[in-house]
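Below is one structure, written out as structure tokens; comments come after it.
The values are calculated or read from the model by the stated rules, or taken from the named source; none is laboratory data. Quick caveat, the model's predicted, so the values are computed rather than measured. A quick note on method: Cβ atoms are made from the backbone with ideal geometry, for glycine too, and the neighbour counts reach across all protein chains shown. For accessibility, only protein heavy atoms count, side chains too; no ligands or nucleic acids. Shrake-Rupley method; radii C 1.70, N 1.55, O 1.52, S 1.80 Å.
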Amino acid sequence: MSKGTLSGKTVIVTGSTSGIGQGVAHAFARVGANIVLNGFGDAAQIEKDRLAIEKDFGVKAIYNAADMTKPEQIDAMVAEAESTFGAVDIIVNNAGIQHVDNIEDFPSAKWDAVIAINLSSAFHLTHAVLGGMKQRKWGRVINIASAHGLVASKGKSAYVSAKHGIVGLTKVTALETAEFGVTANAICPGWVLTPLVQKQIDDRAKQNGTSPAEEKLKLVSEKQPTKEFVTVEEIGALAVFLAGDDARSITGTSISIDGGWTAQ
Ligand code: NAD
């Protein structure tokens, strides 16, 4: 894609201090979009990344620490983005957490947290920006769902419910905006080797008395026919494509990028 298409647009990427969100933020900066970073982490490291984005890609990047479980903080992040850049053109609802336990052992507080961060936050951010997008007749809503938005695994009741939910939210968003130049799509990645997945690998190694390297290969081979992790760069490239003009007729879809996981 030529740099021109998204140059000067403004994108909020939630949970962009790590993993997939960070990769997506870099991909948008590379094509000239201004970036709103969000997420938790070490303040000095986040500032280093923000400055690197500005220097490496020649765009403006700001950081907002909104806790995505707090609607009023989400509204304040949108207000800061609008006062800095004029408008929010693209949102990538990416912030997410995982908790693995069978249903009978699943702590209620963990259920509430997973639903709040992985599903409700996407509603609150979409709610805050959609009016402006419709008014300006251009906007892109990109929801990072998961293969678990399409199929289930044991032990992931809250995550699978949230991800199936965000696929539904994507469809409603698409229908409500179809005549306003706005699209909404869900990206459904398979395994990506990020801190969220590394924790699951380490937990499994502890449980099974194996090495993390062994569990890493087992984990990816169980689900993904390619036996290879998806990369954050691949997801970034897909998000940028969905935001571009060539994708203006793609809306309401769930796009798998999962090494064949959900083809089985
Ligand atoms: P990660 O742990 O590397 O990053 C998660 C990000 O979310 C971090 O920036 C973190 O600070 C942020 N975050 C967490 N809670 C937050 C909150 N309350 N408010 C604001 N930010 C918060 O994880 P990741 O693997 O990059 O996951 C990103 C998204 O991709 C998640 O929605 C996840 O479900 C999805 N996903 C991941 C995989 C995978 O294999 N890694 C596969 C499919 C989908």
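Gap in Å between the Cα centre of region 194-264 and the Cα centre of region 64-99?
Each part's Cα centre sits 24 Å from the other's.
Hey, which aspartates and glutamates would be in cross-link range of LYS199, C-alpha to C-alpha under 15 Å, not counting anything within fewer than 8 residues on its own chain?
Hits, sequence-local ones excluded: ASP101, GLU214, GLU215.
Got the relative contact order for the chain handy, in percent, Cα pairs under 8 Å and 6 or more residues apart?
Normalised by residue count, the contact order of the chain is 20 percent.
Full-extension gain between SER83 and ASP246, please, as 0.36 nm times their residue separation minus the C-alpha to C-alpha distance. Intermediate values should be presented prior to the final figure.
Details: separation 163, 0.36 × 163 = 58.68 nm, distance 2.90 nm.
Gain on stretching SER83 to ASP246: 55.8 nm.
Students often get this wrong, so check it: of LYS9/LYS171; LYS134/LYS216; LYS110/LYS216, which have C-alpha atoms separated by over 32 Å?
Beyond 32 Å: LYS134/LYS216.
Region 1-131: D in µm²/s via Stokes-Einstein (Kirkwood Rh, Cα pairs, 4 °C, 1.567 mPa s)?
Calculated translational D: 85 µm²/s.
I'd like to know how region 117-264 sits against the 2.2 N^0.38 Å rule of thumb: what's its Cα Rg over that expected value?
Rounded to two decimals, the normalised Rg is 1.15.
Tell me which DSSP H helices of the chain clear both cut-offs, 15 Å or more of axial length from alpha-carbon atoms and a mean Kyte-Doolittle hydropathy of at least 1.6.
Qualifying helices, which must be both long enough and hydrophobic enough, are 232-243.
Just want the answer: with Cβ charges of +1 for Lys and Arg and -1 for Asp and Glu, which residue in VAL230, TYR63, LEU175 is farthest toward the dipole's positive end in the chain?
Ranked along the dipole, the leading option is LEU175.
Please list the radius of gyration and Dmax for region 114-189, considering alpha-carbon atoms only, with Å as the unit.
Considering region 114-189 through its Cα atoms, Rg and Dmax are 12.9, 43 Å.
Rolling a 1.4 Å sphere over the protein heavy atoms, what is the accessible area per residue of the chain, to the nearest Å²?
45
On a 1.4 Å probe surface of the protein chains, which of ILE97, ILE35 comes out largest in accessible area, and what is the full order? Kindly include the intermediate steps, with their values, before the conclusion.
On the way: ILE97 55, ILE35 0 Å².
Ranking ILE97, ILE35 by accessible area, largest first, yields ILE97, ILE35.
Multiply the residue gap between THR231 and ALA76 by 0.36 nm, knock off their C-alpha separation, and tell me the result in nm, one decimal place.
Length gained between THR231 and ALA76: 52.7 nm.
Rounded to the nearest 500, what is the chain's calculated 222 nm mean residue ellipticity when only DSSP H runs of at least 4 contribute -39500 (n - 2.57) each, over all residues? Kindly include the intermediate steps, with their values, before the conclusion.
Working: 9 runs with 125 residues, N = 264.
Roughly -15000 deg cm²/dmol at 222 nm, from the helical runs in the chain.
Sticking with the crude label model, points 7 Å out along Cα→Cβ, report the distance from GLU176 to GLU54 in nm, one decimal please.
3.5
Which shape class applies to the chain: rounded if a/c is under 1.5, otherwise prolate when a/b exceeds b/c and oblate if not, where a ≥ b ≥ c are the square roots of the Cα gyration tensor eigenvalues?
Because a/c hits 1.5 or more and a/b exceeds b/c, the chain counts as prolate.
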